[in-house]
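The values are calculated or read from the model by the stated rules, or taken from the named source; none is laboratory data. Because the structure is a prediction, the values reported are computed rather than measured. Note: ideal-geometry Cβ built from the backbone for every residue, glycine included; neighbour counts use all protein chains shown. The protein model used for the area step is the full one, side chains on, heavy atoms only, and it has no ligands, DNA or RNA in it. Shrake-Rupley method; radii C 1.70, N 1.55, O 1.52, S 1.80 Å.
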Amino acid sequence: HGVREYMSLFLLDTVRASLGSTAQNGVVCWLIGIKGKNQTHIVSINHISNNHHNHIDQDLWDVTNSLPAGVEVVGVVAKDKHVNSDSAWKSIKSISAGKHWVVYLQSSSDFRVVDNLEEVVAVQECSAADLEAQLVSFSLRVASKFSICASPQNFSESVKKAVQERCDTLSSGLLYCPQSRALSTDCTTFEFANGTQIVPEASKGKGKGKKQLQPTEVETERQQTNIRVQLVTPSVPTDTECSSPLLSVTAVDVPEARLYETILTTQVCGIATTEDSMSTLSSRMIEKTVTQLSEMGKFWSSDAQLHPQVVMFRIPTSFVPISVVYSINPSIDKTVVLMEDREAYLKPVRAQLHHRHQLPLTRPFFRLINRISDQNSALVSRLKNVHVGLAPSGVKGGRIHGVEGEYEYYHYMQDKFDDKGWGCAYRSLQTLISWFRLQHYTSVNVPSHREIQKTLVRLGVKQPDFIGSKQWIGATELSEIMGELMGVQSKVHYVPNGALLVNEAREIAHHFDTHGTPIMMGGGKLAYTLLAIDWNEKTGDVRFLILDPHFTGFDDLKTIQDKGWCGWKSGDLFDKNSFYNLCMPQRPLFY
């Protein structure tokens, strides 16, 4: 009864299907939620690691560290009421004491109280849009510079001591906003003040125990520490990289001692409800920062060459971003600084993350290239997914099979380069490569026409005089380029003439359903990018969603859609007197 009074339980509609998918016995998953004053929203689930099933405390620590401030474990998923016999249940009951945790029983498909498995808790479903309307998100980056004079023998203890001192410094302070003491999306930049007791609401009135904030005082405090802090809303870029070297080691006069200098940068995401106060947000963000810095210190203290870094990811099975501490050891290989070498080094860690978050080992979710900072990086602005918002194709009873994810629209005359009349397949190739970039399968840049030509010459596909020419390329050349630059295999599908393309609907539908990559279509003198088909399997009626690279105008979405440069086309578009090759890139199967 106390739990019912304490909270109203809400379940994100996208989580419901995942709750009953595990058939193991005992406790199998953590329930992740956001607690408000009178309600709790369950937003995702995390599998308990196989390595930690007998060490619940450690697994809970790992999960909690990966979550944003303001998001926490609020319960567990279990097979049935016989969970009392599970070895982990005793630990869970002890940990959850006083926290009002719930347990979802898969056998009865309902929520119960951890302290009383006979008591059912009513739950309401809510959408992500409804929940987002109640939340404000923030990101806090703290760069801490460390200078440690130590011998190899006492390096570990010296690091632990230095990190603990810095954590104590952080814990003694509060965040404040010079512009406003209220928690709102208008408040974009916060400063950090340490060593002084500051109540964020002080400027609203003079109350007992409140101290009026003096900016000069805080500025002095901030200058006395080696900590740079910024708290930003999503509208402010957070991908600025520290320009200092990862680690510098200098010999000093003390026998056997060395001066180790490095910068450890934490990055914490915070989720707050509109009812939360600034002081609540402050304590949550600082607590999470301290925990994260402590975790990074453990990696560094174990090996002077390890450089721990925090990376944040968005994954489809989690409503909130996930933080992971990765450690890179530059001494492993001289080429480990290259992205692909780092990715290979971190593969065992990624495997554990995929298991925890119920993700297949066929898609890259936790690769460094997929981190949030890369998604926010400033690139040349191009139109993306220009098919979104188009009117229906007109096929009655059809089913759409199409591209999954984002792509960029490349077409004639872009980048002040005149390729009108010969560059359509080059532009289609650029669109295809943009898809692999935006899905984070590769970090290679989209190549220019000249770079494409040079690659084909290097591969022996073309002669040297091909470079700088206006010669066309086709599906076979596209396949060679993608294989060389990205390691992507492509299927080249031959169709004798354009009139027969309508008969290839099943083949095309299977490609989109299986791989979800855009297709380059080359026939006669023209090349197109195929984004989808709308196909009625019974009647055979089909329309093709064509992205036309022959457009020469400015990147205006309305013009592109209204004039048919991206739109649904019938089979009449294709040349009945020319054969067609379809370059169908295969989605890589790796993590």
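Filter the stretch 577-591 for residues that are modelled with pLDDT of 95 or more and open to solvent by 40 Å² or more (accessible area, probe 1.4 Å) and give the result.
Of everything in the stretch 577-591, those that are modelled with pLDDT of 95 or more and open to solvent by 40 Å² or more (accessible area, probe 1.4 Å) turn out to be Phe579, Gln586.
Return the total of residues in the stretch 502-548 being among the acidic types (Asp, Glu) and closer than 17 Å to Gly564 by Cβ.
Selection size over the stretch 502-548: 2.
Applying the selection to the stretch 400-438, what residues are without any contact (Cβ under 8 Å) to a residue 40 or more places away in the chain, closer than 30 Å to Arg314 by Cβ and not in a helix (DSSP H, G or I)?
Hits for the stretch 400-438 are Glu406, Glu408.
Can you work out which of the residues in the stretch 54-72 that are out of contact with any Asp or Glu (no Cβ under 8 Å at 6 or more places or on another chain), open to solvent by 10 Å² or more (accessible area, probe 1.4 Å) and not in a helix (DSSP H, G or I) is farthest from His355 (Cα to Cα)?
Glu72
When you look at Asp253, is it farther than 19 Å from Val142 by Cβ, of a type in the set (D, E, K, R), assigned to a loop (DSSP other than H, G, I, E, B) and at pLDDT 75 or above, yes or no?
no
Yes or no: the stretch 279-295 includes at least one residue that is outside any loop (DSSP other than H, G, I, E, B), open to solvent by less than 30 Å² (accessible area, probe 1.4 Å) and at pLDDT below 85.
yes
Can you tell me which residue within the stretch 487-509, out of those that are in contact (Cβ under 8 Å) with a residue 60 or more places away in the chain and assigned to a helix (DSSP H, G or I), is surrounded by the fewest Cβ atoms within 10 Å (Cβ to Cβ)?
Applying the filter and picking the extreme gives Ala499.
If a residue has to be open to solvent by 10 Å² or more (accessible area, probe 1.4 Å) and assigned to a loop (DSSP other than H, G, I, E, B) to count, how many in the stretch 73-100 make the cut?
8
Given the conditions (1) under 15 Å from Tyr412 (Cα atoms); (2) touching a Ser or Thr at 6+ places or on another chain (Cβ under 8 Å); (3) crowded, with 20+ Cβ neighbours inside 10 Å, and given that Gly553 satisfies all but one, which numbered condition is not satisfied?
(3)
Residues of the stretch 395-438 being open to solvent by less than 70 Å² (accessible area, probe 1.4 Å) and aliphatic (A, V, I, L, M), which ones?
Correct list: Val395, Val403, Ala425, Leu429, Leu432, Ile433, Leu438.
Considering every residue within the stretch 346-353, establish whether at least one is open to solvent by 70 Å² or more (accessible area, probe 1.4 Å), modelled with pLDDT under 80 and of a type outside the set (Gly, Ala, Ser).
Among the residues of the stretch 346-353, not one is open to solvent by 70 Å² or more (accessible area, probe 1.4 Å), modelled with pLDDT under 80 and of a type outside the set (Gly, Ala, Ser), which makes the answer no.
Looking at the stretch 1-46, which of its residues are open to solvent by 20 Å² or more (accessible area, probe 1.4 Å), under 16 Å from Thr273 (Cβ atoms) and either in a loop (DSSP other than H, G, I, E, B) or at pLDDT 90 or above (or both)?
Matches in the stretch 1-46: Phe10, Gly36, Lys37, Asn38.
Does any residue in the stretch 445-470 that is farther than 18 Å from Ser428 by Cα and assigned to a loop (DSSP other than H, G, I, E, B) come within less than 7 Å, Cβ to Cβ, of a residue that is modelled with pLDDT of 95 or more and charged (D, E, K, R) six or more places away or on a different chain, and which pairs are these?
Leu459/Glu480; Val461/Glu477; Val461/Glu480; Ile467/Arg450; Ile467/Lys454; Gly468/Arg450
Identify the residue in the stretch 510-529 that is under 23 Å from the mean Cα position of the chain (by Cα) and β-branched (Val, Ile, Thr) and, among all such residues, is surrounded by the most Cβ atoms within 10 Å (Cβ to Cβ).
Among residues in the stretch 510-529 that are under 23 Å from the mean Cα position of the chain (by Cα) and β-branched (Val, Ile, Thr), the one surrounded by the most Cβ atoms within 10 Å (Cβ to Cβ) is Thr517.
How many residues, within the stretch 299-321, are out of contact with any helix residue (DSSP H, G or I) (no Cβ under 7 Å at 6 or more places or on another chain) and charged (D, E, K, R)?
Residues that pass the stated criteria total 1.
Restricting attention to strands (runs of 3 or more DSSP E) lying wholly within the stretch 526-591, give those where 1 or more residues are under 20 Å from Glu477 (Cβ atoms).
By residue number, 526-535, 542-547, 580-585.
Mind listing whichever residues of the stretch 127-154 are touching a Phe, Trp or Tyr at 6+ places or on another chain (Cβ under 7 Å) and either within 20 Å of Phe299 (Cα to Cα) or crowded, with 17+ Cβ neighbours inside 10 Å (or both)?
Ile148, Ala150
Could you please let me know if His55 is of a type outside the set (S, T, N, Q), more than 20 Å from the chain's Cα centre (by Cα) and at pLDDT below 80?
Criteria met by His55.
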